[in-house]
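Below: one structure, written as structure tokens.
The values are calculated or read from the model by the stated rules, or taken from the named source; none is laboratory data. The shown structure was predicted, so the numbers you read here are calculated from the model rather than taken from an experiment. Don't worry about glycine lacking a Cβ; one is built from the backbone with ideal geometry, like all the others, and counts go over all protein chains shown.
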Amino acid sequence: MSGVLDLFRLDDRVAVVTGASSGLGAGFAVALAEAGADVVLAARRADRLAETAERVRATGRRALTVATDVADATSVDAMAAAAVDEFGRIDVLINNAGVGTAVPALKEDPDEFRRVVDINLNGAYLAAQACAKRMESGSSIVNIASVLGLIKSFAPQASYAASKAGVIGLTRDLSQQWSGRKGIRVNAIAPGYFASEMTAEIPEDKLLPFVQQTATLGRLGVQRELDTAVVFLAGPASSYITGSTLAVDGGMSGH
């Protein structure tokens, strides 16, 4: 009989991670490899995928890099096809690719709003669609949403907040469509503020007071605290969970 820790293993599974060139996405790719998965690394910045691929291979697992624009359906479908050509299957999709802006709504250019939604929301849908066409029963999709899809921000972020709230709604609907009929579970994670490339662009005197006042734990999260949630939802340990959004936010959304 397998022990409980075996349920967190992803041995011989194939995971696709979008936005895997740096930051949280690169960390997710390595964590999935440490759990036993071979990893398909997708991002627009193809040159930066090589470093993530080296980190994956250092765990003893295989890596495939594919230059991908998640806002382009043809590019996303080609990425999913390349994953199957290389590894024969797709078991896990981590929909991580995303961008954000902090622009007052009256000053935000409509094209910029559209770009954020195209990448964060439409990109998640296109990747889920392309991978689900090739997934078997028992597979898992994990959409990376945001705590800002659940609560207000300290900064004007209409496009980002709207896109991430959309990802949460998308998660519920795709779960309804695919979990029972196709056996593909679909869940989301809503991270709070983590030390990352994106948060590094926020002035410390604005971010830290907000986190300290709104997060029960009073601090930024660290990569490993998000990695564990991704690995949990990706594999058999969460086999009875679908359509859910897991807030990993230090207590922010509990206020």
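Assorted remarks:
- Selection of segment 41-83 for residues being touching a helix residue (DSSP H, G or I) at 6+ places or on another chain (Cβ under 6 Å), over 21 Å from Met135 (Cβ atoms) and charged (D, E, K, R) yields Arg55, Asp69.
- When every residue of segment 151-164 is checked against the conditions, at least one turns out to be among the charged types (D, E, K, R) and within 16 Å of the chain's Cα centre (by Cα).
- Residues in segment 60-95 that are in contact (Cβ under 8 Å) with a residue 12 or more places away in the chain and hydroxyl-bearing (Ser, Thr, Tyr): Thr65, Thr68.
- Residue identified as more than 27 Å from Ser179 (Cα to Cα) and modelled with pLDDT of 95 or more among Arg61, Arg89: Arg61
- Any hit, segment 96-109, residues being out of contact with any Ser or Thr (no Cβ under 6 Å at 6 or more places or on another chain), buried (at least 19 other Cβ atoms within 10 Å of the Cβ) and free of Cβ contacts under 8 Å to residues at least 40 places away in the same chain: no
- Matching entry among Thr214, Thr245 (being at pLDDT below 95 and either touching an Asp or Glu at 6+ places or on another chain (Cβ under 8 Å) or at negative phi (or both)): Thr214
- Residue satisfying condition, being in contact with a Lys or Arg (Cβ under 6 Å, 6 or more places away or on another chain) and either modelled with pLDDT of 95 or more or not hydrophobic (A, V, I, L, M, F, W, C) (or both), within set Val66, Val76, Val84, Val142: Val84
- The set of residues from segment 198-255 being over 30 Å from Gln177 (Cα atoms), free of Cβ contacts under 8 Å to residues at least 40 places away in the same chain and hydroxyl-bearing (Ser, Thr, Tyr) comprises Thr199, Thr216.
- From Leu121, Leu150, residue being under 25 Å from Ser21 (Cβ atoms) and surrounded by 17 or more Cβ atoms within 10 Å (Cβ to Cβ): Leu121
- From the options Ser244, Ser175, Ser239, residue that is small (Gly, Ala, Ser), closer than 30 Å to Lys133 by Cα and more than 18 Å from the chain's Cα centre (by Cα): Ser239
- Residue in segment 128-135 that is in contact with a strand residue (DSSP E or B) (Cβ under 6 Å, 6 or more places away or on another chain) and either in a helix (DSSP H, G or I) or modelled with pLDDT under 95 (or both) present: yes
- In segment 8-28, the residues that are free of Cβ contacts under 8 Å to residues at least 60 places away in the same chain and within 22 Å of Asp77 (Cα to Cα): Ser21, Ala26
- If you go through segment 152-195 and keep only what is modelled with pLDDT under 95 and either within 19 Å of Phe232 (Cα to Cα) or touching a strand residue (DSSP E or B) at 6+ places or on another chain (Cβ under 9 Å) (or both), you end up with Gly192, Tyr193, Phe194, Ala195.
- Top-ranked residue of segment 54-77 - restricted to ones that are in a helix (DSSP H, G or I) and buried (at least 22 other Cβ atoms within 10 Å of the Cβ), ranked as nearest to the chain's Cα centre (by Cα): Val76
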